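Reading through the structure tokens given below for one structure.
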Amino acid sequence: MTKAPTPKTGFWEGESLELGRRYAYPPESLPLLLDYLGAEANMRILDVGCGSGFLTRLLARSLPGVHVVGLDADEKLLELARHQLVEEGLRDRVELLEGNAYLLPFEPESFDLTTSYTVLCIMSDPMKAIQEQIRVTRKGGFVSAVTCFCHTDNLPHYHGRYPLPGNHRVDELNYQLWRTWRQAIRPRLLDVDHDIVNQDILWQFRASGLKDVRIDGHLMLFSPGDDRVSIEEGAAYASASHRLTLERLEKWRHEHGEELAEAGFSHEDFEELLELKRARYEYLQEDPARVREVMEVFTDPLIITRGTKA
Ligand SMILES: C[S@@+](CC[C@H](N)C(=O)[O-])C[C@H]1O[C@@H](n2cnc3c(N)ncnc32)[C@H](O)[C@@H]1O
């Protein structure tokens, strides 16, 4: 038997995960997400790589009689998940465990559904993780996963238009930075081969022996200037999102500026991008109502793959 890879959990920021997830779905679309994942009332469910617990809480909150186990290798994120569970009064339906997705600490056939949200797509050996999910799922139960396109260098992102100089340039620099980051730095931090794309996840579901494999999907869309969102809420989202982006960029520049420059994104480009981003952040800070005026949209296509254990 091959040795299971040790978990490389990456560099996920709980605040950013929570923020993204909070605005990802209009409430009316959530039942569809649960349906695609194969989640039903009274199930025993495992959420692998639960992070700060977005999906864990959604399952526990939405489905009567479920027992949900959230597992993650990052204790910091689990701490945040614990805190959120208490806030929402969901403690008695959920168990949180530190553990490795490649070596799940459960007996065979312990769950009716094992699932994960944006985890397989960032792993070095997704097949090994799928096989572990299958092992701990009962016969006739579901194995599912939400995966994103972060390996494909092709995330659409519309930045809105500001009455400030540099609209075109900010798009260009942002694209170049993310492209360089995904190609030159991120695979090493996550210990993944960046050729892994979502097609492989689908193929691996089939190759792993799961039956009735099906694919669904949706487009996660953040549009804080949308009229369905109040100005206060939209401005709070846009402001937090810009702040977290600036913090992340400062961190990347500090920790990986040299490597990025060697890979083609120069120090001058970085400075220019930060300046343009800071100006946009300050512009929104001056008047919350401007969130409508600039109408930024952030999008992320997600695929939901599901199979049945034979
Ligand atoms: C992109 S985050 C997604 C978190 C959460 N599912 C969500 O959607 O908000 C990826 C998560 O996978 C976890 N992870 C990655 N590799 C893992 C492994 N081998 N075992 C356990 N957790 C792992 C990370 O710690 C992180 O919380």
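Odds and ends about this structure:
- At an R0 of 25 angstrom, the distance between the Cβ atoms of ARG228 and GLU275 translates into a FRET efficiency of 0.15.
- Between ARG22 and ARG214, the modelled labels are 3.3 nm apart [label points 7 Å from Cα along Cα→Cβ].
- In the chain, lysine pairs closer than 23 Å at Cα, eight or more apart or cross-chain: 12
- Linear extension gain, THR299 paired with LEU244, 0.36 nm per residue minus alpha-carbon span: 18.1 nm
- Relative to the Cα centre, the charge distribution of the chain, modelled as +1 at Lys and Arg Cβ and -1 at Asp and Glu Cβ, gives a dipole magnitude of about 1080 debye.
- Nitroxide proxy distance, nm - points 7 Å out along Cα→Cβ at ARG179 and ARG135: 4.2 nm
- Comparing the chain with the 2.2 N^0.38 Å rule of thumb, its C-alpha radius of gyration ratio is 1.03 (two decimals).
- Bridges between two residues of the chain, per DSSP, are antiparallel at a rate of about 50%.
- The slack in the chain from LYS76 to GLU172, taken as 0.36 nm per residue of separation less the alpha-carbon distance, amounts to 31.1 nm.
- Bridge orientation summary for the range 10-153: considering DSSP beta bridges with both residues in this region, about 5 percent are antiparallel.
Values quoted throughout were computed directly from the atomic coordinates according to the rules given, and no laboratory measurement underlies them. In this text the structure is predicted, and so the values were computed from the model without any measurement. Every residue, glycine among them, receives a Cβ derived from its backbone with ideal geometry; neighbour counts consider all protein chains shown.
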